[in-house]
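A short write-up of the structure that comes next.
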Amino acid sequence: MVFGALRNLRKSLGKTSEQVVSRIGAALRREVYLTEEFLEEVEEILIAADVGVEASTTLAESLRKRLKEEGAKAQLADVTRVLREDVAQLVGGSSGSEVELAGPPHVILMVGVNGVGKTTSIAKLAHFHQERGRKVLLAAADTFRAAAVDQLTTWAERVGVDIVKQAMGSDPASVAFDALASAKAKGRDVVIVDTAGRLHNKEGLMRELEKIARVCGRQVEGAPHETILCIDANTGQNGIAQAREFSGVVPIDSIFLSKLDGSAKGGIVVAIAQALEIPVRYVGTGEGVEDFALFDAGEFAEGLFHLQSEELE
């Protein structure tokens, strides 16, 4: 699975890479190599891919310095190589590695706003842990929408894991409490708690999230052991605002970047690495439960600046 997942990570950046590389190639044909105009255009191309203003400026300046020191010719391969190496270094601290499990059970709290693909991402995490021989339990703590519970139930059946749920309108913290009690009684290794798609500007809902975290901590020492913020890769810079709001309520341990395969703004990983001290650890690379990868800095950079064979000619 590991090598296939890494290939999926690289492939999922196809839309971003196609735009970035083709536009840099056009700039090389139009502008004088390494002039202010060329470097400004590279910077604009990176910003358009949601790399972020600060990171884009840093990368463009490094590009100027390194290529001049190397005496490199005006070739797309050299430009993308330097950008690839610098981006890998920038996001290296975000490279995901498997989390050492606490518990049992290891308690994961999944948070995020509406529409970011949180439920599907939970299914992928459940499948990921199952493949490693762990017994997984899901907690349907989004009791505000019947569709949310139904969707999570459907995914639980597909993946083949148990789910704990209550009637609509129940206290979400109560669902989490029951799920953890059941997990301890039945010897489950991992519990993934779904939460309502909380709007980060709704203070009441955010307080409810804080309550769920407190209840988990009372049931299992140190829980939640992993709080994951799900961000849609298509949201761009707004994802950074979401991360800041959520981290003001509960400590965010890592980010699950969903829908990367459908985005032309995959550079958001770089912006997150620059703006936040939160690693991108998980990446959604498609719609199926196996379309998932632990984030890898080298593969990400390779995918972001991938050259097609015709571009090398």
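The values are calculated or read from the model by the stated rules, or taken from the named source; none is laboratory data. All figures in this text were calculated on a predicted structure; none of them were measured in a lab. A quick note on method: Cβ atoms are made from the backbone with ideal geometry, for glycine too, and the neighbour counts reach across all protein chains shown.
Quick check on the range 54-71. Is at least one of its residues surrounded by fewer than 16 Cβ atoms within 10 Å (Cβ to Cβ) and part of a loop (DSSP other than H, G, I, E, B)? Within the range 54-71, one or more residues are surrounded by fewer than 16 Cβ atoms within 10 Å (Cβ to Cβ) and part of a loop (DSSP other than H, G, I, E, B). MET110 falls short on exactly one of the conditions (1) under 23 Å from TYR282 (Cβ atoms); (2) assigned to a helix (DSSP H, G or I), and that condition is (2). Counting residues in the range 282-293 that are of a type in the set (Ser, Thr, Tyr), closer than 18 Å to GLY115 by Cα and modelled with pLDDT of 85 or more gives one or more. Restricting attention to the range 37-47, does a residue exist that is modelled with pLDDT under 90 and within 30 Å of the chain's Cα centre (by Cα)? So far as the range 37-47 goes, no, none of its residues is modelled with pLDDT under 90 and within 30 Å of the chain's Cα centre (by Cα).
Against the conditions (1) crowded, with 21+ Cβ neighbours inside 10 Å; (2) part of a helix (DSSP H, G or I), ASP50 satisfies every one except (2). Checked against the criterion of being at pLDDT 85 or above and either in contact with a strand residue (DSSP E or B) (Cβ under 7 Å, 6 or more places away or on another chain) or under 24 Å from ILE192 (Cβ atoms) (or both), the range 260-279 contains not a single residue that satisfies it. Within the range 10-31, residues that are over 22 Å from ILE268 (Cα atoms) sit with their Cβ atoms under 7 Å from residues that are surrounded by fewer than 17 Cβ atoms within 10 Å (Cβ to Cβ) and not β-branched (Val, Ile, Thr), at 6+ positions apart or across chains, in these pairs: LEU28/ALA74; GLU31/GLU37.
Within the range 227-244, the set of residues being touching a His at 6+ places or on another chain (Cβ under 9 Å) and crowded, with 21+ Cβ neighbours inside 10 Å comprises just one member, GLN242. Entry remark, the range 62-74: residues being of a type outside the set (Ser, Thr, Tyr) and in contact with a helix residue (DSSP H, G or I) (Cβ under 8 Å, 6 or more places away or on another chain) number 7 in total. With a requirement of 2 or more residues that are small (Gly, Ala, Ser) and in contact with a helix residue (DSSP H, G or I) (Cβ under 9 Å, 6 or more places away or on another chain), the helices (runs of 4 or more DSSP H) lying completely within the range 123-240 that satisfy it span 146-159, 172-186. Among the residues of the range 243-267, those identified as assigned to a helix (DSSP H, G or I) and closer than 19 Å to ALA49 by Cβ are ALA243, LEU260, ASP261, GLY262.
Table: residues versus (1) more than 15 Å from PRO104 (Cα to Cα); (2) in contact (Cβ under 8 Å) with a residue 60 or more places away in the chain.
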{"position": "THR143", "(1), (2)": "yes, no"}
{"position": "ALA183", "(1), (2)": "no, yes"}
{"position": "VAL190", "(1), (2)": "no, yes"}
{"position": "ALA196", "(1), (2)": "yes, no"}
{"position": "ARG218", "(1), (2)": "no, no"}
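Evaluation of ALA223 against the conditions (1) surrounded by 20 or more Cβ atoms within 10 Å (Cβ to Cβ); (2) in contact (Cβ under 8 Å) with a residue 40 or more places away in the chain; (3) within 24 Å of GLU290 (Cβ to Cβ) shows that the sole unmet condition is (3). When LEU152, LEU138, LEU101, LEU90 are checked against the criterion of being modelled with pLDDT of 95 or more and under 21 Å from the mean Cα position of the chain (by Cα), LEU138 stands alone in meeting it. Here GLU313 meets each of (1) at pLDDT 85 or above; (2) farther than 17 Å from ASP50 by Cα with one exception, condition (1). Of all residues in the range 12-36, those being touching a His at 6+ places or on another chain (Cβ under 9 Å), at pLDDT below 85 and assigned to a helix (DSSP H, G or I) number 3. For GLU157, the conditions (1) over 24 Å from the mean Cα position of the chain (by Cα); (2) closer than 21 Å to VAL215 by Cβ all hold with the exception of (2).
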